[in-house]
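Since the structure comes first, as structure tokens, the remarks are kept for the end.
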Amino acid sequence: MSKRDRTEEALDQLSALHGIDDPFLLADELKKFLADRSNLVVARAARFIRENHVPQLIPELVASFERLMKDAPRLDKRCAGVTEIVMSLYEKDYREPDVYLKGIEHVQMEASFGPPVDTAAALRGISAQGLLRTGYPHALKKAVQLLIDDWAPARIGAVRALAANGGDAGTLVLRHKALVGDKDGEVTAECFAGLLAAEREQAVDFVAAFAQDGGDAAETALLALGESGLPTAIDFLRSMWPRAGHSPIRKTLLLALAVSRNEDAVNFLMALLDDAPLSAAAEIINALAIHKNSERVRRSVSEAVDRRRERELLEAYRREFAQ
């Protein structure tokens, strides 16, 4: 049997474990997969443990991590195994620093269709999140250093670590990072989301300033405010509508209100449908389409479209709310 066939068979066997109700039998079965030669099998086993809340296998996860890290470029292509293991340890609130310290320092350049790719970037990011939960005295310094990592997944992980477990020092660093900016917009988006999650209403004015200044981060800030669902953030977004006019941010503003899933924000959008200019009304329908499974929203949008009797809006409704 080829290596590929053996790996596929092991993955199929792993999938079949969903039918096992006995947690002790399940744990015994999973131990074998964590010791498998294939890093893909180890990765799937670690993910299974994380997603199915199997608590008994922390030592086996650590042992599997150590085994793969002895020769990661050969034993763990794409860092598939160790990344899933560290994610599982983090989710299970594992608080010993050694694994995270190794993960946060690991670099693994591998060939790609273009330039070589560092496949350990995501591992460094999740390791930063785990390390900040431990009692390691220099954890904060390690996470901050990662903010200037060459690879965006590592920087994103550092941002999440500082937001979730960095305390006041962490949020101050994130404010500075947002002000300085990042070449990858996703990193800035994580800064905004992390600040709004950590500081709540105290961060709204800070993020709102980016939305108002019309810079590169304006749309990212609008979406972060909407996704936060904070009442003060929704109030700010509604106050932006009269000034949105025909500006490029109008569509993003409408989407930010819709993704908030805040009842006041959704009601505000539905009320706009009666009087908004035709192009804006079509964008409102597009934004509200994320709620198309809500009978109340569907009915309200349909009634507004019927009242306006404009072919373009009827077509937009049929296109966005079709089931």
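No value in this document is a laboratory result; all are computed from the given coordinates. Because the structure is a prediction, the values reported are computed rather than measured. A quick note on method: Cβ atoms are made from the backbone with ideal geometry, for glycine too, and the neighbour counts reach across all protein chains shown.
Here the residues Asp76, Asp118, Asp28, ranked from fewest to most Cβ neighbours within 10 Å of their Cβ, fall in the order Asp28, Asp118, Asp76.
In the chain, the DSSP-assigned H stretches of four residues or longer account for a calculated mean residue ellipticity at 222 nm of -21500 deg cm²/dmol, using -39500 (n - 2.57) per stretch and the full residue count as denominator. Each residue of the stretch 62-74 was assigned a 3J(HN,Hα) from its phi angle through the Karplus expression (A = 6.51, B = -1.76, C = 1.60, θ = phi - 60°), giving 5, 5, 5, 4, 5, 5, 5, 6, 5, 8, 4, x, 8 Hz with x at Gly and Pro.
The trypsin sites (Lys or Arg not before Pro) of the stretch 142-201 meeting both criteria, a DSSP state outside H, G, I, E and B (loop) and at most 13 other C-beta atoms within 10 angstrom of the site's C-beta, are Lys183. Excluding same-chain neighbours fewer than eight residues apart, the lysines reachable from Lys177 by a Cα-Cα span under 17 Å are Lys141, Lys142.
Here the 3J(HN,Hα) profile of the stretch 247-255, calculated from phi with Karplus coefficients 6.51, -1.76 and 1.60 at θ = phi - 60°, is 6, x, 7, 4, 4, 5, 4, 5, 5 Hz, Gly and Pro shown as x. Note on Lys31: aspartates and glutamates with a C-alpha under 17 Å away, same-chain residues under 8 apart excluded, are Glu9, Asp12, Asp21, Asp22, Glu51, Glu60, Glu66, Glu84. From most to least packed by mean Cβ count within 10 Å, the peptides 277-284, 189-196 give 189-196, 277-284. 3J(HN,Hα) along the stretch 316-322: 5, 5, 5, 5, 7, 10, 4 Hz, from the Karplus curve 6.51 cos²θ - 1.76 cosθ + 1.60 with θ = phi - 60°, whole Hz, x for Gly and Pro.
Listed by chain and number, the lysines whose alpha-carbon sits under 17 Å from that of Lys292, ignoring those within fewer than 8 places in the same chain, form an empty set.
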